[in-house]
1. Going through Thr108, Thr99, Thr144, Thr126 one at a time, which residue ends up being hydroxyl-bearing (Ser, Thr, Tyr), over 11 Å from the mean Cα position of the chain (by Cα) and modelled with pLDDT of 95 or more?
2. Exactly one condition in (1) free of Cβ contacts under 8 Å to residues at least 24 places away in the same chain; (2) buried (at least 17 other Cβ atoms within 10 Å of the Cβ); (3) part of a loop (DSSP other than H, G, I, E, B) is false for Arg142; which is it?
3. Collect the residues in region 200-250 that are over 30 Å from Lys356 (Cβ atoms), at pLDDT 95 or above and small (Gly, Ala, Ser), keeping them in residue-number order.
4. Any idea how many residues of region 145-165 are among the basic types (Lys, Arg) and open to solvent by 10 Å² or more (accessible area, probe 1.4 Å)?
5. Is it the case that some residue within region 305-322 is modelled with pLDDT of 95 or more, more than 28 Å from Tyr357 (Cβ to Cβ) and surrounded by fewer than 16 Cβ atoms within 10 Å (Cβ to Cβ)?
6. Do we have Arg290 as open to solvent by 50 Å² or more (accessible area, probe 1.4 Å) and basic (Lys, Arg) here?
7. For region 211-261, how many residues meet the condition of being open to solvent by less than 40 Å² (accessible area, probe 1.4 Å) and assigned to a loop (DSSP other than H, G, I, E, B)?
Amino acid sequence: MKKVVLAALMASSLPTMAQVLDPAGMNTYFNEGVHVEYKPLHFKTRFRFRMQNRFTYETQDTEDLSAKIADFNVRRMRLRLDGTVWDPRLLYRIQLSFTRGDMDFDRTQYPNILRDAVVGWRLSDTATVWYGQTKLPGNRQRVTSSGSQQLVDRSIVNATFTLDRDLGAQFYQRWGEDRPFWLKLAVSNGEGRATDNKDNGLSYTGRVEWLPLGAFKDEGDYFEADLARELAPKFSIGAVFNANKKTTRPGGQLGTQYTTPGLNRDLQTWFIDALFKHRGFSWSSEYANRWAHDPVFMDGTKEVTVFKGEGITTQAGYLFDNNIEPSVRYSQLFADKESQAGSANNQKEYTLGLSKYFNRHTVKVQTDLSYDELSNSVKDTYRSYWVYRLQLEIGI
């Protein structure tokens, strides 16, 4: 065992894989995480961590530049384990989070550190069943890790419509090698991660993806920026439908849980997304739509608004040979008038970003500047503000 620990420590100082084998079949190496393998029991685990340290400067209103917010914070700090156990077909993934925002503390009032706890069974090389708590097969930007973004964080469209994580069962199936087609299905509680499920309604999610120009290098369809520098054009298009029955949170899997017994809503959410990469250039876009009956209502003495409406976001970037990437994003939310009667607004966001990748997405510095406009045609209101962010990310 001393050899294994020593090998792991030595490997952590090397830029490439370092490996040691002992007679008992234990194998430890460092490559995108610390890997430990014990072949006699088909045991493999990969340990990873990452943290995002962020500075944010925000003007509350362009008409009053004295009203500002300046904040240093640890946006994310996560630990992750994944691998196989007992049988190479039996998979697992565990992810824990340790910052206030990541734990949803402000909404749940308790430290909810568990993000992923899911077990999978590989039925074949092209099909896998998953059971437990993990991300639903929703919009591409949400399924892409928050540590693999080309801007400091995801778009306002993702923040408004995303399905996020849930507890349930999922099935993934792939057809074809030259032009892969994916089908991803999920049945889940519909109330999000580690919450009380107090209704008899479930959430049903389906996603399809097609890669007409072939698979992306290094699975590059699920990390932003063309870090793999695709030599041939690669394109992916996907669509998602989710029906969440009798959910007790305004965002389905997200938001503060209603306190009134029996209060719930049915939500229907659609997504269409597309991604293109070629020789350092990357472009992606998403469209989202959510429907809900009677989206503004009272939960005791508190007014609740479910965002009913549409959203679009599009972004692009170019990665230079020195691994510096300028990027740009435009996002817009179109709130239905029923939701605008509550607290929902129309919103436009213009963002310019700049990233420097030292070790792909695991060690990088990113900064961006956004201008936001919020308007409400029902209440005849308008306001705007600027947001500047600087973030350092480091992990293994």
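1. Answer to the check: Thr126.
2. Every condition holds for Arg142 apart from (3).
3. Hits for region 200-250 are Ser203, Gly206, Ala239, Ala243.
4. The qualifying residues number 1.
5. No, region 305-322 contains no residue that is modelled with pLDDT of 95 or more, more than 28 Å from Tyr357 (Cβ to Cβ) and surrounded by fewer than 16 Cβ atoms within 10 Å (Cβ to Cβ).
6. So Arg290 fails the test.
7. So the answer is 20.
Per-residue answers, yes or no, for (1) modelled with pLDDT of 70 or more; (2) part of a loop (DSSP other than H, G, I, E, B):
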{"residue": "Ala7", "(1), (2)": "no, no"}
{"residue": "Leu14", "(1), (2)": "no, yes"}
{"residue": "Val36", "(1), (2)": "yes, no"}
{"residue": "Pro40", "(1), (2)": "yes, no"}
{"residue": "Phe49", "(1), (2)": "yes, no"}
{"residue": "Arg54", "(1), (2)": "yes, no"}
{"residue": "Tyr57", "(1), (2)": "yes, no"}
{"residue": "Lys68", "(1), (2)": "yes, no"}
{"residue": "Thr84", "(1), (2)": "yes, no"}
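The values are calculated or read from the model by the stated rules, or taken from the named source; none is laboratory data. Source: prediction; values computed, not measured. Cβ: placed from backbone, ideal geometry, glycine included. Neighbour counts: every protein chain shown. Surface areas here come from the heavy atoms of the whole protein model, side chains and all, with no ligands, DNA or RNA. Shrake-Rupley method; radii C 1.70, N 1.55, O 1.52, S 1.80 Å.
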